[in-house]
1. Return a yes/no flag: does the stretch 329-342 have any residue that is without any contact (Cβ under 8 Å) to a residue 60 or more places away in the chain, open to solvent by 70 Å² or more (accessible area, probe 1.4 Å), within 30 Å of S34 (Cα to Cα) and of a type outside the set (V, I, T).
2. Any residue in the stretch 298-309 that's more than 16 Å from Q238 (Cβ to Cβ) and open to solvent by 40 Å² or more (accessible area, probe 1.4 Å): show its pairings with residues that are of a type in the set (K, R) and assigned to a helix (DSSP H, G or I) at Cβ separation under 7 Å, as long as the two are six or more apart or on different chains.
3. Please go through the stretch 1-15 and pick out each residue that is open to solvent by 60 Å² or more (accessible area, probe 1.4 Å) and at pLDDT below 95.
4. Restricting to the stretch 78-126, count the residues that are closer than 25 Å to N68 by Cα and not basic (K, R).
5. Taking the condition of being of a type outside the set (G, A, S), open to solvent by 10 Å² or more (accessible area, probe 1.4 Å) and either free of Cβ contacts under 8 Å to residues at least 60 places away in the same chain or in a helix (DSSP H, G or I) (or both), how many residues in the stretch 189-208 meet it?
6. With a cut-off of at least 3 residues that are at negative phi and surrounded by 21 or more Cβ atoms within 10 Å (Cβ to Cβ), name the strands (runs of 3 or more DSSP E) lying wholly within the stretch 16-74.
7. Can you find a residue that is part of a loop (DSSP other than H, G, I, E, B), out of contact with any Phe, Trp or Tyr (no Cβ under 8 Å at 6 or more places or on another chain) and modelled with pLDDT of 95 or more anywhere in the stretch 312-327?
Amino acid sequence: MSSLPATFVQGFHDEASVRKMEYVPLGHTGLQVSNISLGTGTLSPFYGSITEDGACKSVHAALRSGINYIDTAYYYGQGMSEKLLGVALKSVPRKAFYIGTKIGRYEQDIAQQFDFTADTTKKSVERSLKHLQLDYIDVIQIHDIEFSSSVEIVLKEALPALEALREEGKVGFIGVTGYPLEVLKQAIQGAPGRFDTVLAYTRYSLFDNSLTKYLDFFLEQKLGVVCASGHGMGLLSQNGPQSWHPAGEEIKTACRKAAEICKSENIDLGRLAMGHFIQLQGPSTFLVGMQSEELVRTNLDVYFNGLTDKEKVLKERLQKEIFSKLQQTHWEGVEVSRYWAEMEKLAKKKD
């Protein structure tokens, strides 16, 4: 059993669970974060209905079990995720958690979806502080930078604005997120030493291991690597993804087939996805969306106890028979192309 982290609070935490959790340095930040962290995109309509009571119970269950890093964004429900966290965290000692939110991606409306300017960045941080009911944010991240008209706007507008907010004590550390790994690399190279964390999502899973090609670069930059969404934003679950999921039909078909095989074997595909996801060496933390107490228990059970022998055999079978045969393992460029096509249509309407 490990020693207790700086975030441990006697009387709040389940000490036995906290001692079982591994806490890892988040790059050069000085923060020691739980190897499993709580993603809260699920605390929004993006992943179905959620109640305030359900959100609070899942957040409290995760934190009491030793998870000490939470990730959110205004975009997750246009403030809903942040607001629900604000309610849930009111009864949690501030010492017990680190929280990261994001700027840059905002509304569902295409015309107002992205804005990486300095002024909007500052306003967004102030709004997030109000939603979260906090005085400071531990990690502020520039959200999905591939949608910016150029990386230069991110580096010359959003990043300096966040650095100024850090000087004011409202922001602790600065990170960057996105789907295309090469774009993340370009941004980090364009601002040497100015980013503290990098978040890559769905790039290490049963169907895509492309994060492994960039991991050494991120670690060489002394970044805290947040490896997110090993369940492929719902693809690797028994219920499958939401209708908005951008993956192509080949990936969706493969994941549906895997779910059917799992059902026939009375095994949960989500557990297999979790077991695969957390085996990668290098990331500081593995970010998992958990919108219910049951999912918190399921994912922590896999983390603490591993997969059963039967589950391991089935995971290997699915990798060999289904996922290794995929011709396309990602949906890079799909959303960006769609976004700029819509923006072009809007521009023509104005003309």
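1. no
2. These pairs meet every condition: F304/K20.
3. Result: M1, S3.
4. Selection size over the stretch 78-126: 25.
5. 3
6. Per the criteria, 36-39, 69-71.
7. Yes, the stretch 312-327 has at least one match.
The rows are residues; the columns are (1) touching a Phe, Trp or Tyr at 6+ places or on another chain (Cβ under 9 Å); (2) farther than 26 Å from F195 by Cβ.
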site	(1), (2)
A6	yes, no
S17	yes, yes
Y23	no, no
T29	yes, no
V33	yes, no
S37	yes, no
E52	no, yes
I67	yes, no
D71	no, no
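The values are calculated or read from the model by the stated rules, or taken from the named source; none is laboratory data. Keep in mind it's a predicted model, so treat the numbers as computed, not measured. Positions of Cβ are backbone-derived with ideal geometry, glycine not excepted, and every protein chain shown enters the neighbour counts. The protein model used for the area step is the full one, side chains on, heavy atoms only, and it has no ligands, DNA or RNA in it. Shrake-Rupley method; radii C 1.70, N 1.55, O 1.52, S 1.80 Å.
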